[in-house]
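The values are calculated or read from the model by the stated rules, or taken from the named source; none is laboratory data. If you're wondering where the values come from, they're calculated on a predicted model, not measured in any experiment. Positions of Cβ are generated from backbone atoms using ideal geometry, with glycine treated the same way; all protein chains shown enter the neighbour counts.
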Amino acid sequence: MTIEKHQIEQYNSDLIGRHEKHFGFVVAEISDVESILEKLIGFQIAIPSWALGTGGTRFGRFSGGGEPRNLEEKMEDIGLLHQLNGSSGAISLHIPWDIPSNYQEIRNLASQFRLRFDAMNSNTFQDQKGQALSYKFGSLQHVDPAVRRQAIAHNIEVIRHGVELGSDSLTVWLSDGSSFPGQLNFRKAFENTLGSLQEIYAALPAGWKLFLEYKAFEPNFYATTVGDWGQSLLYVNKLGPKAFTLVDLGHHLPNANIEQIVALLLMEGKLGGFHFNDSKYGDDDLTTGSIKPYQLFLIFNELVEGMDARGMNHARDLGWMIDASHNVKDPLEDLLQSVEAIMIAYAQALLVDRKMLRKAQQENDTVACQEILQAVFRTDVRPLVAEARLRSGAALDPLKTYRELEIRNALIRKRGAVTVASGL
Ligand SMILES: [Mn+2]
């Protein structure tokens, strides 16, 4: 299903008076509002194909009804999101959960929904039906070269699917590691992983990037073979100029200073992409901005500062993706909230007075530095984000419009009350 343009316009017309009042109030304080709106309109956040179904935990999963049953319906869902918020114009595919059966049809569908294909994701963290060798004790790190070869071949197959769809990057996240001391020789595990990654890297087509994601723990609980940003950076530096580190917000030990990690990776030209979510304790995969919105703003502050310092294009030069799903929310509502939180943090970061901040830093005026950042964080920029949506033909209030159009009920009528999306 798609939403008719006039339906969005009708809801917008009910809200426009109130919006204009709020927008006028905010822009009175901003000097370069047009360039900020332009950046907001251009900023797109990829939706992963696994986030359209209700998330599960290791204890269970409570499906909500009307979940997409195949790749086509997942794209339909992202198309709906993009119609509502104008900022979800990309899809990130997971292989083998979403192998396209007909590339041409999938490409046509993507252009119909105005979606492009963001990074492709491989999966060597679980065994697939009929798979010859098991990943129980790792994949790219495995002590048996035959297992490593199988995992390398899978990643190269993922690249091939991506080429057919017009993607230009591969994200590798490994669950490889060890759960008990002594289980693994750390150096050999690193060397095996590096050797495997080098073979995958060699298969990258021209213009492609490889993103290496790190994670501190889980499912292995003693050590992971790409455990933190330093380890990821070691690998990608050894791999070459097409390899980059990918930061997933939930993959750090508690209280890690993610904004500093981001700043240094950008400085080194080795930040490739970003996975958004939020967490209270570990890799909780909670809705972005639901727990630590100030941290999200501080991260965006470093992203904008660091990208501007290198003359990077905010929208295109890094991969932006949501990597979250939860089991108590309608996935589409959850994604609308996540995208909104990301856009708010980005808008706030664009408002930081860089000149004033540099001056205050130079003068060691700690109080002024804090004031400059917090003044922006405490500014309600929601009307700016809404104006960007309005100008791109999307909904002033995506969540309200989604609810009032009763989209979930329509999806349940179409797909059934008991559908389970493929994936985790
Ligand atoms: Mn991730």
Check: Any idea which of (1) more than 16 Å from the ligand (Cβ to nearest atom); (2) surrounded by fewer than 23 Cβ atoms within 10 Å (Cβ to Cβ); (3) in a helix (DSSP H, G or I) is the one Ile342 doesn't satisfy?
Finding: (1)
Check: Considering only residues of the stretch 320-338 that are in a loop (DSSP other than H, G, I, E, B) and closer than 23 Å to Lys209 by Cα, which is nearest to the ligand (Cβ to nearest atom)?
Finding: Asp323
Check: Only one of (1) at pLDDT 95 or above; (2) touching an Asp or Glu at 6+ places or on another chain (Cβ under 9 Å); (3) surrounded by fewer than 19 Cβ atoms within 10 Å (Cβ to Cβ); (4) part of a loop (DSSP other than H, G, I, E, B) is not met by Arg408, so which one is it?
Finding: (4)
Margin query: Looking only at the stretch 300-339, filter to residues that are polar (S, T, N, Q) and buried (at least 21 other Cβ atoms within 10 Å of the Cβ); which one of those is nearest to Ala386 (Cα to Cα)?
Written below: Ser338
Next item on the list: Check whether at least one residue in the stretch 412-420 is at pLDDT 95 or above and among the small types (Gly, Ala, Ser), and report yes or no.
Entry: no
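A quick yes/no check of all residues on (1) touching a residue at least 12 places away in the same chain (Cβ under 8 Å); (2) of a type outside the set (Ser, Thr, Tyr):
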residue: Tyr11; (1), (2): yes, no
residue: Gly17; (1), (2): no, yes
residue: Leu40; (1), (2): yes, yes
residue: Gln44; (1), (2): yes, yes
residue: Gly53; (1), (2): yes, yes
residue: Phe62; (1), (2): yes, yes
residue: Pro68; (1), (2): yes, yes
residue: Met75; (1), (2): yes, yes
residue: His82; (1), (2): yes, yes
Margin query: Take the conditions surrounded by fewer than 21 Cβ atoms within 10 Å (Cβ to Cβ) and within 16 Å of the ligand (Cβ to nearest atom) and apply them to Ala203. Does it pass?
Written below: no
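So that you can scan it fast, the table gives a plain yes or no per residue for (1) part of a loop (DSSP other than H, G, I, E, B); (2) crowded, with 20+ Cβ neighbours inside 10 Å:
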residue: Leu37; (1), (2): no, yes
residue: Leu52; (1), (2): yes, yes
residue: Lys74; (1), (2): no, yes
residue: Ser101; (1), (2): yes, no
residue: Ile106; (1), (2): no, yes
Notebook entry, point to check: Looking at Ser167, Ser232, which is the one that is within 16 Å of the ligand (Cβ to nearest atom), of a type in the set (Gly, Ala, Ser) and in contact with a strand residue (DSSP E or B) (Cβ under 8 Å, 6 or more places away or on another chain)?
Noted result: Ser232
Margin query: Please pick out the residue among Thr245, Thr225 that is crowded, with 17+ Cβ neighbours inside 10 Å, within 19 Å of His142 (Cβ to Cβ) and polar (S, T, N, Q).
Written below: Thr225
Margin query: Of all residues being modelled with pLDDT of 95 or more and within 16 Å of the ligand (Cβ to nearest atom) in the stretch 254-273, which is surrounded by the most Cβ atoms within 10 Å (Cβ to Cβ)? Just the residue, please.
Written below: Leu271
Margin query: Going residue by residue through the stretch 82-89, is there one that turns out to be polar (S, T, N, Q), surrounded by 22 or more Cβ atoms within 10 Å (Cβ to Cβ), at pLDDT 95 or above and within 24 Å of Val158 (Cβ to Cβ)?
Written below: yes
Item checked: Hits in the stretch 1-30 - residues which are part of a helix (DSSP H, G or I) and among the small types (Gly, Ala, Ser) -> Ser13, Gly17, Gly24
Next item on the list: For Asn102, indicate whether it is free of Cβ contacts under 8 Å to residues at least 24 places away in the same chain, of a type in the set (S, T, N, Q) and out of contact with any strand residue (DSSP E or B) (no Cβ under 8 Å at 6 or more places or on another chain).
Entry: yes
Item checked: Top-ranked residue in the stretch 276-297 [being more than 15 Å from the ligand (Cβ to nearest atom) and of a type in the set (A, V, I, L, M); ranked as nearest to the chain's Cα centre (by Cα)] -> Leu296
